[in-house]
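Have a look at the structure below, then the notes.
The values are calculated or read from the model by the stated rules, or taken from the named source; none is laboratory data. Since we're looking at a predicted model, the values are computed, not measured. Cβ placement follows ideal geometry from the backbone for every residue including glycine, while neighbour counts extend to all protein chains displayed. These area figures cover heavy atoms from the full protein model, side chains too; ligands, DNA and RNA do not enter into them. Shrake-Rupley method; radii C 1.70, N 1.55, O 1.52, S 1.80 Å.
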Amino acid sequence: MADNNPAADVQQLPEIIVFGPPTIFGHYEKEFNSRFRVLKPWESPLPLSQFLEAQAHNTRAALCGATASLTAAVLCSLPSLRLIVATSAGLDHIDLIECRRQGIVVAYAASLFSADVADFAVGLLLDVLRKISAGNRFVKNGLWPVRGDYPLGVKLGGKRVGIVGLGSIGFEVAKRLEAFGCEISYHSREKKSCVLAWFHIQMSIHELAAKSDILAICCALTEQTHHMINRDVMLALGKEGVIVNIVRGGVIEEKALVTCLQRAEIGGSGLDVFEHEPRLPKELLQLDNVVLSPHAAVLTQESMEDLYHLLVANFQAFFSNKPLISPVPHHYLP
Amino acid sequence: MEAAGNEYREMPPLLIVHRLPRFKLPVAAVLRSKYTVLDQCDDPPNPSFSAFSKSARLMLCVGPTAVTSDDFDRYPAVECVIGSSAGINHFDLAAFRRRGIRLTTAGDVFSDDVADYTIGLTIDVLRRISPANRFVRAGYWPEQKEYTLGSKVGGKRVGIVGLGSIGSRVAKRFEAFGCSIAYNSRKVKPNVSYTYYASVADLASNTDILIVCCALTNETYHVIAKDVMKKLGKKGIIINVGRGALIDEDELVGSLVIGEIGGAGLDVFEHEPHVPKELWTLDNVVLSAHKSFLTLESMAALEELILSNIEAFFSNKLLRAELEMV
């Protein structure tokens with residue numbers, strides 16, 4: 001493998017610009033540097049627009065992390081850009097309309113992370129219902145001999161799970177929870193014909209919440225899904241209800257969530273994503289029935305390695321005029 | 001004497017409640033309304049306890065409280081013990097057999113919840129959920145932008161020690177995550193497609209996630225010892241939801257502290273409620289206060305089972321979850 005080839009002339013390597021930088025870049029920087037001539041705006045003292053003008057006039061390809069914002073303004077400063085390779089499945093941070101207008105193709109992580117994200121969603125859910133982290137703290141603070149037993153948990157089996165968005169992630173979550181004896185319903189943009197007959201479709205998010213004990217948020221963040229989980233939906237879910245979010249914070253109206261949790265209008269929540277991450281409402285830190293994690297649902301050694309190979313494969317395909325490995329499907333584009 | 005005899009006959013049936021003080025009596029109010037409850041832990045003690053308990057035919061054993069031959073000497077009329085755990089290692093079964101005393105357990109009442117919890121502990125250890133929760137709550141996220149990578153669950157090799165009521169449910173759940181399943185049991189289970197290993201050491205050599213969920217017996221005491229942990233290796237993790245004494249705890253602590261195994265999720269310990277302090281600071285270890293079975297639903301199901309069995313005994317009906325005394 002040519003991953004560490006000190007003899008390679010950097011000038012001969014294809015050029016890419018990296019925005020973010022994404023987590024993957026931190027773990028595989030050496031490998032990226034050996035394959036590409038990498039422009040790193042964050043290492044420059046210049047503001048982004050000046051950097052792009054000075055350095056990126058001829059740059060044809062970009063690697064875009066999920067925390068970077070590829071707005072129309074940024075895209076317009078990259079006149080030669082023809083490819084964006086996103087490191088995430090989510091695309092809400094990229095102006096796809098502007099990409100189409102400028103003839104820029106976009107590749108993404110597709111379903112690469114779906115299993116890991118689904119595993120994490122189930123882990124968060126079990127943690128909330130069965131108080132696993134809270135119980136861990138209880139023992140590690142030396143409280144078991146002092147306080148005796150720990151409060152009862154809530155059984156997962158037999159609970160009605162509402163999957164919000166039955167895409168790749170939603171399906172993986174449903175498959176796992178079914179093995180625990182959960183009853184699965186879902187709400188999606190369209191009825192899924194490939195889905196097993198016993199996943200019930202609910203026509204509205206409100207109906208889904210009313211008929212569920214658990215809501216698993218598995219959909220993309222779009223204009224339609226922004227703040228879709230609002231106070232009404234939470235009240236429909238009810239006092240015993242649990243919400244797990246492992247996709248994008250903006251799907252939930254965060255202020256309403258905090259209020260409902262504080263007033264015990266819903267039973268608990270497992271949250272990996274937040275509207276203004278890495279900042280999150282301080283009130284959540286006071287609540288014992290909430291499990292929090294720092295957007296870690298995709299973070300495994302295995303996924304990072306798989307992602308690296310997928311990203312490189314997409315760039316290599318582009319630079320050799322071959323079809324992209326994981327282009328964003330047409331129906332995603334606005 | 002005759003008056004006392006009449007009163008005795010009209011009393012609700014006698015029920016001895018046998019428990020350590022730290023185990024609370026479930027459905028106490030219902031029991032006291034239907035039966036003459038003779039609770040050893042009554043404070044102040046019941047003055048009639050000594051006299052009445054000698055005639056009691058039924059004992060309710062709460063929690064894993066030991067029941068020995070001495071107890072049967074003290075309560076010579078007992079014909080049956082209603083247990084409240086899935087485990088039976090706290091019963092002197094030889095004494096039961098010698099005296100022809102029947103025993104019922106919690107049966108399958110806890111199995112689903114324990115299996116669910118086992119998966120929860122596993123994901124927590126591999127994906128570092130507890131430390132992540134603490135990381136966010138301590139306010140590290142804005143400063144330290146990214147969190148440490150965890151280890152993928154799917155595709156891992158799960159090795160189950162004891163493919164019984166709990167183990168088989170654990171297997172079914174892990175399969176949905178894309179894990180492969182292998183097991184060790186006293187003998188091969190018919191109609192099971194999982195790979196069987198005749199020794200726990202061989203199982204551990206071929207396993208990434210070792211699940212300990214078998215019964216504690218003389219044969220399984222410290223079944224997870226140094227050699228098994230070495231075979232499991234640096235990347236392997238152990239989840240114990242069975243009994244603490246299934247694992248050589250000193251060895252386990254040593255292995256975890258020096259990183260000879262990759263992590264652990266432990267719900268049970270050799271000397272509960274005491275947990276080795278060396279484990280308290282390890283991020284790759286998740287600890288739990290023997291609560292893998294404790295849900296509102298399982299407690300309700302247990303209470304229903306206990307009440308139903310007590311009623312059935314006094315009506316000479318069939319008992320549920322009765323242990324076959326072989």
Legend entry - Output for the stretch A:107-116, where each listed residue is in contact with a helix residue (DSSP H, G or I) (Cβ under 6 Å, 6 or more places away or on another chain) and either surrounded by fewer than 17 Cβ atoms within 10 Å (Cβ to Cβ) or more than 14 Å from chain B (Cβ to nearest Cβ) (or both): A:ALA107, A:SER111
Legend entry - Scope the stretch B:267-290; condition free of Cβ contacts under 8 Å to residues at least 40 places away in the same chain, of a type outside the set (D, E, K, R) and either touching a strand residue (DSSP E or B) at 6+ places or on another chain (Cβ under 7 Å) or closer than 18 Å to A:VAL146 by Cα (or both); matching residues: B:VAL268, B:PHE269, B:HIS271, B:PRO273, B:HIS274, B:VAL275, B:PRO276, B:LEU279, B:TRP280, B:LEU287, B:ALA289, B:HIS290
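Tell me, yes or no, whether the stretch A:300-311 has at least one residue that is assigned to a loop (DSSP other than H, G, I, E, B), open to solvent by 10 Å² or more (accessible area, probe 1.4 Å) and not small (Gly, Ala, Ser).
No: the stretch A:300-311 contains no residue that is assigned to a loop (DSSP other than H, G, I, E, B), open to solvent by 10 Å² or more (accessible area, probe 1.4 Å) and not small (Gly, Ala, Ser).
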Inset, instruction - Identify, by number, the condition in (1) in a helix (DSSP H, G or I); (2) out of contact with any Ser or Thr (no Cβ under 8 Å at 6 or more places or on another chain); (3) more than 8 Å from chain A (Cβ to nearest Cβ); (4) farther than 13 Å from B:ILE209 by Cα that B:ARG169 doesn't meet. - result: (2)
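Scan the stretch A:203-249 for residues that are basic (Lys, Arg) and not in a loop (DSSP other than H, G, I, E, B) and jot them down.
Of everything in the stretch A:203-249, just one residue is basic (Lys, Arg) and not in a loop (DSSP other than H, G, I, E, B), namely A:ARG231.
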Inset, instruction - Return yes or no: is B:VAL62 more than 10 Å from chain A (Cβ to nearest Cβ), in contact with a Lys or Arg (Cβ under 9 Å, 6 or more places away or on another chain) and either surrounded by 24 or more Cβ atoms within 10 Å (Cβ to Cβ) or among the hydrophobic types (A, V, I, L, M, F, W, C) (or both)? - result: yes
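Tell me, which helices (runs of 4 or more DSSP H) wholly within the stretch B:88-137 include 1 or more residues that are more than 7 Å from chain A (Cβ to nearest Cβ) and hydroxyl-bearing (Ser, Thr, Tyr)? Walk me through it before giving the result.
Working: elements: B:93-99, B:111-127, B:129-137.
Counting at least 1 such residues, we get B:111-127.
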Inset, instruction - Quick one: which residue in B:GLY154, B:GLY159, B:GLY178 is more than 22 Å from A:VAL128 (Cα to Cα), open to solvent by less than 40 Å² (accessible area, probe 1.4 Å) and of a type in the set (Gly, Ala, Ser)? - result: B:GLY159
Inset, instruction - Any residue in the stretch A:290-318 that's more than 7 Å from every other protein chain (Cβ to nearest Cβ): show its pairings with residues that are open to solvent by 10 Å² or more (accessible area, probe 1.4 Å) and in a helix (DSSP H, G or I) at Cβ separation under 6 Å, as long as the two are six or more apart or on different chains. - result: A:TYR308/A:TYR28
Inset, instruction - Report yes if some residue within the stretch A:39-59 is closer than 18 Å to A:LEU324 by Cβ and in contact (Cβ under 8 Å) with a residue 60 or more places away in the chain; otherwise report no. - result: no
Inset, instruction - State whether one or more residues within the stretch A:144-153 are under 22 Å from the mean Cα position of the chain (by Cα) and either buried (at least 24 other Cβ atoms within 10 Å of the Cβ) or at pLDDT 95 or above (or both). - result: no
Inset, instruction - Output the number of the condition that B:GLU143 fails; it satisfies all remaining conditions of (1) open to solvent by 60 Å² or more (accessible area, probe 1.4 Å); (2) without any contact (Cβ under 8 Å) to a residue 12 or more places away in the chain; (3) in a loop (DSSP other than H, G, I, E, B); (4) at the interface with chain A (Cβ under 8 Å from one of its Cβ atoms). - result: (4)
Legend entry - Lone unmet requirement of (1) in a helix (DSSP H, G or I); (2) open to solvent by less than 20 Å² (accessible area, probe 1.4 Å); (3) facing chain B (nearest Cβ under 8 Å) for A:GLY157: (1)
Legend entry - Considering residues of the stretch A:212-230 that are at pLDDT 95 or above and more than 17 Å from A:ASP272 (Cβ to Cβ) only, the residue surrounded by the most Cβ atoms within 10 Å (Cβ to Cβ): A:SER212
Legend entry - Filter result for A:ILE169 (surrounded by fewer than 24 Cβ atoms within 10 Å (Cβ to Cβ) and β-branched (Val, Ile, Thr)): no
